[in-house]
Every structure is written in structure tokens, then in C-alpha cells.
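Below is one structure; the comments refer to it alone.
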Amino acid sequence: MQESYYQRAISKGINRRDFLKICTATAAMLGLGANAVPKIANALETNQRMPVIYLNLQECTCCTESFIRTGHPLASDLILNLISLDYIDVLQAAAGDHAEEAKMKTMKDFHNNYLLVVEGSVPLGADGVYCTIGGKTSRSVLEEAAAGAVAVIAYGTCATDGCVQGAAPNPTEAVPVHEIIKDKPVIKVPGCPPIAEVITGTIVHYLTFGTLPELTPQGRPKAFYQHRIHDTCNRRGFFDMGLFVEEFDDEGAKKGWCLFKMGCRGPSTFNACAITGWNEGTSYPIKSGHPCLGCSEDKFFDKGSFYSALPGNFPARIPNEDTSNINLRKGVIGVAAGAVAGAAGGAVATAAVLANKKSKKIYIDDISEIDELKNKDISG
């Protein structure tokens, strides 16, 4: 009999307190209330580890790299210990016939009770010869593994939309997973690479409630893909004030202004990058100074230059403002005389401080002060 998640965690040196912290973090990550924590804990204490088969099809392996480097406590401590990762080309010690035998055993012993994760697109051109594994086309490998899976996670934009392989003119005739697998739930986790915690959260949600997490109309986990990056971007206040980087080495770039004019796709990209972050939550592309490429959106490779601004009007800059003294400060939102409501309307703690032509500076140390400032006259 397989160990439960909790038994496996204890054997790996995770104490009860840390285990409950992980359960709490998982509930928060999935947008669940505090009442879900005991349910998650009970599920992980009593349920056996879910077997997972991970296929690498036509791709570059960046999704696997994200998968094994996640910094979230749940994923970093548990994902390779508490799921039963029975097959994955990149990490498994076995190769050749031994690896295939392990996969077939899981598919037989846990029929309709294992999760299939698929990274990469499926090439259909030339009868699938562009990507073969063990003498089989990737399409046949996918269909065989999906037949007994409880659900399929299409992990990464290659698997959800074809990505660079599926970009025009698509010489390999690459297609996403959901165009091949139509008789199983296919959960889309787009991104190049995507956020690893989505896989863990999906597994834990299924173990806890016996159902897959709520999905967006596009088939993505709602907890991670219901908001635009723009909505929680650390540069949002600058966008609202019409302060944009014009060149990568200009003063605006040095001051952390909005990257919209440099081609940032944050306003049209739905993902949790600005919330979850990368490298243990340290940063994400926009925060690091590079515009969002929109890599979680369909056909992002075919939408023109990554460094050309999206069509549409730019927010107007505040008339006669003096931007020479715009600074950055932790936990602040841009506020200017006569524009408190407009700047606060972004509803994002963007760390911007705006000096108007009279060099007035309004510093906010707590985001709760915004509502109070809305009702104050600070124009004098």
C-alpha cells in the first residue's frame, strides 16, 4: 500500500507545524477560505499519493525547468516527494525499456486514477515523424497515456496552444493537447514557462474535494488566470499617470516607469506572475525591467513584434507635472494633487511617488490610507 501524503512528508523531515503551514498556503493559493485548511489537511493525511505520468513531447523543456525550480513551500518541499511521479523523461533514472515498463505499470495498476501532465505540442505533419518516443509518434504516446488518466494537465503554452512550434507557418503542423484529447478533462496551464504551483494546486484540490478546480471559460484554473497581469502590476500607478519608458536606457526606465510603450502585453495577459512571482517570489519580467511578452495568451508568437506597443490610447499625463523628482518607495501608490482618485483607482500598491509642479510629495506607508486621502483636499 502506498504512503499517504502526510506519511511521506513526515518521512522527509517535514514536521506537523510545517505541514499545516503548507495546507494553509495551498488554500490561499487556490483562493479558498480558512475553512478549507482542515479539509486539505485531512485529504493529505488519509489519501494515497496520486500517481503522475509526465510526458515531454515537442518542446524545449523550459516547463520542466520551472516545475523543478519552484520556490513555493508546497511545491519546493512536496511536489517531488508527495506525488508519485512515476514517469518523467528529464528526471527519471531509468531509460529505454525499463522506463517504458514503469509507465505501463502505472497505467495498468492505477487505471482511471492517475494524472497525466503533458508538456509540449503534438506534431501531426509527415505522420508525426517530427517527434517520436521509443519508436512511437508523440500523438500515439499521448493517446495511450491519456486513455486511463483521470484528467490531463496541458502544461505550458506549447501544450495549450502550440507556442513557437505552432507559430506561422507551423511546418510540423503542431497542435495543442486539447485538439487530440477530447474524451478527458484537459486543464490548460499556459505560460512559457508556466507557474509550477498550478500543478500542485490542481492535484491537492482534486484530492480534497474529488473534483477539479474551477476553470475559466478558456479551461484554465481560475485561481491563477482570472486576473490580468496589468491589474496587479507593480508599475500600474505609472501607467495610470501616463509615465512611460520610451527607451530601455532612458530616465523612465531607471525610475521604473510603465513599459507599455515598449510592447508590454500585461494589459491583455491573464496570469498570476505579478502575484506569485518567480525565484521564490522575488520578481517577474516586468518588475525586472522587461515588458511582458503575453506568453500565456493564444498565438502570442503571431501577434507582431514583442517590442511594439499594443494598439489603443495611452493614459494622459497630468498637465504641467514635473516628473524630475519621481522616486520609488516601498508600499506606496502614486498620488498627485488633484488626481488622488485617479491614481488610487488603479487599486495597486505600485511604489510610485509623484511630485507635481509645486514639488508636493504625498507619501503613503499603508495602502489603507488611500481611502482617507480620497476625501482630503491636498491641492493647496
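Overview of results
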| read-out | value |
| --- | --- |
| Lone qualifier among Val90, Val37 - being in the same structural domain as Val118 (by TED's automatic domain parsing), at pLDDT 80 or above, touching a helix residue (DSSP H, G or I) at 6+ places or on another chain (Cβ under 6 Å) and at negative phi | Val90 |
| Selected residue [outside the structural domain of Lys299 (by TED's automatic domain parsing), surrounded by fewer than 22 Cβ atoms within 10 Å (Cβ to Cβ) and part of a loop (DSSP other than H, G, I, E, B)] from Asp183, Asp249 | Asp183 |
| Checking Val189 against (1) surrounded by 24 or more Cβ atoms within 10 Å (Cβ to Cβ); (2) at pLDDT 95 or above, the condition it does not meet | (2) |
| Hits in region 22-44 - residues which are in contact (Cβ under 8 Å) with a residue 40 or more places away in the chain and buried (at least 19 other Cβ atoms within 10 Å of the Cβ) | Ile22, Thr26, Met29, Leu30, Ala36, Ile40, Ala43, Leu44 |
| Leading residue by the ranking (farthest from Arg228 (Cα to Cα)) among those in region 254-283 that are of a type in the set (A, V, I, L, M, F, W, C), touching a helix residue (DSSP H, G or I) at 6+ places or on another chain (Cβ under 6 Å) and part of a loop (DSSP other than H, G, I, E, B) | Trp257 |
| Residue in region 195-206 that is on the phi > 0 side of the Ramachandran plot and either of a type in the set (Asp, Glu) or touching a Leu at 6+ places or on another chain (Cβ under 8 Å) (or both) present | no |
| Whichever residue in region 108-126 is touching an Asp or Glu at 6+ places or on another chain (Cβ under 8 Å) and not in a helix (DSSP H, G or I) and, among such residues, is farthest from Val164 (Cα to Cα) | Tyr114 |
| Check on His290, modelled with pLDDT of 95 or more and either surrounded by fewer than 23 Cβ atoms within 10 Å (Cβ to Cβ) or in contact with a Lys or Arg (Cβ under 6 Å, 6 or more places away or on another chain) (or both) | yes |
| Residue check, Glu173 free of Cβ contacts under 8 Å to residues at least 60 places away in the same chain and within 13 Å of Gln58 (Cα to Cα) | yes |
| Considering residues of region 162-206 that are in contact with a Phe, Trp or Tyr (Cβ under 9 Å, 6 or more places away or on another chain) and of a type in the set (D, E, K, R) only, the residue farthest from Pro285 (Cα to Cα) | Glu173 |
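The values are calculated or read from the model by the stated rules, or taken from the named source; none is laboratory data. Here the structure is a predicted model, which is why all the values come from computation and not from measurement. Reconstructed Cβ throughout: ideal geometry from the backbone, glycine too, with neighbour counts over all protein chains shown.
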